[in-house]
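Working notes, structure below.
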Amino acid sequence: MLTFGACLVDVLPARAQRAETAPPLLDLTWSAPAECPDRAQVVAHVEALVGERRAGQHALSARGRIIAGTSARYRLELLVDPSGSNAATPPRTMAGDDCAKLADAAALVLALDIDPDAGTPRDATSSAPPAEQIDPEVPLLRTPERAPPLRLPRRPRASPTPVKPRLEGFAGVRFLFDSGSLPRPTLGVAAATELVRGAFALDVQAAVYQSQFTITGPHHGVGGAYVSLATLGALACWGGVAGEVDWRGCAGGELGRDGTTGVSIAHPESSASLWSALSAMVLARVWPERTISPTVGLGATHPLSAPSITIQGFGTVFDPPAVVIRLFLGVEAHFF
């Protein structure tokens with residue numbers, strides 16, 4: 001007759017060997033920001049929910065990631081492939097302001113895909129071997145009740161760890177309409193770049209405007225001067241995303257070169273003067289999370305050192321107004 005100790009020597013190592021050689025139920029590829037649960041924590045959570053290996057469980061492979069967005073928001077993307085065939089299936093997505101909760105949700109989805117009964121208590125006899133495999137000489141051992149599923153540690157609600165907004169960069173081209181900087185309304189083109197961190201941004205723009213001709217004097221008004229303008233401006237902006245649009249209000253200034261060339265006058269000359277101005281602008285970027293985003297803006301500029309253009313014998317041919325109105329339409333690329 002076999003003794004109880006001898007049976008344990010034969011049975012327990014065999015079970016342990018089968019557990020060691022069994023393939024894992026979950027093959028998970030995972031990426032997340034540093035402040036979120038990592039792959040090991042998610043896998044441990046899934047294993048706690050699934051429990052011991054038993055019939056009815058299905059191995060699967062999955063890819064998951066948590067992306068940090070603007071305004072301390074997170075987005076979970078989870079792609080599950082139960083068959084391991086890399087079949088194209090739509091990803092499951094969730095969003096929220098707590099990446100630990102999103103990781104919990106991902107673990108629960110994966111556990112239920114492996115075992116529809118994951119996380120539910122079972123009676124002691126559900127995992128017992130078939131009756132014909134039980135040695136009548138070995139006393140039956142009662143399986144202890146399963147402990148409740150483990151939960152990932154949570155940050156205290158009272159003092160959550162602050163999430164540092166990521167730095168984003170945009171660059172592109174803008175097409176401008178200007179009324180007031182030159183003698184007549186004119187068009188211009190600008191190269192622009194913008195650095196964004198959360199609600200704050202720095203907007204830098206280098207612009208060139210089409211030169212315009214002032215008409216005055218005798219000879220049926222053909223005497224005058226061409227006036228040209230090139231500027232470099234920097235504005236500090238503040239705002240945020242509302243729906244699919246990133247709205248920002250900006251204020252700053254610009255410096256530039258104001259050039260003048262006389263035409264059809266007794267002593268035509270060319271000269272250049274310093275242009276400086278204070279600027280304010282409202283900017284809207286549509287679909288800021290995409291690689292390419294259209295932008296539109298409306299601004300007002302107050303010249304500080306915008307010289308009046310005077311031609312000897314004709315008098316003043318151009319004097320900039322107190323407020324210049326500018327409108328632009330552009331397209332920008334999201335680099336990082």
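Taking other residues whose beta carbon is less than 14 angstrom from the beta carbon of ARG285, and scoring Lys, Arg as +1 and Asp, Glu as -1, yields -4. Distance between the 7 Å Cα→Cβ label points at ARG63 and LEU167: 2.9 nm.
Computed from backbone phi, the HN-Hα couplings of segment 323-334 come to 10, 10, 9, 9, 10, 9, 9, x, 9, 10, 9, 8 Hz, rounded to whole numbers (Karplus: 6.51 cos²θ - 1.76 cosθ + 1.60, θ = phi - 60°; Gly and Pro given as x). A cut-off of 5 Å between modelled amide H atoms, ignoring neighbours fewer than 5 places along the same chain, links GLY69 with TYR74, ARG75. Near ARG184, once Lys and Arg are set to +1 and Asp and Glu to -1 for all other residues with Cβ below 14 Å from its Cβ, the sum equals -2.
The amide H of PHE318, built 1.01 Å from its N in the peptide plane, has ILE309 as neighbours under 5 Å, considering only residues 5 or more places off or on other chains. Each Lys or Arg adds one and each Asp or Glu subtracts one; over the other residues with Cβ under 10 Å from the Cβ of ALA272, this totals 0.
Only the coordinates and a few stated rules stand behind these numbers; no lab work does. Remember, predicted model here, so these are calculated numbers, not experimental data. Neighbour counts are summed over all protein chains in view; Cβ atoms, including those assigned to glycine, are modelled from backbone coordinates with ideal geometry.
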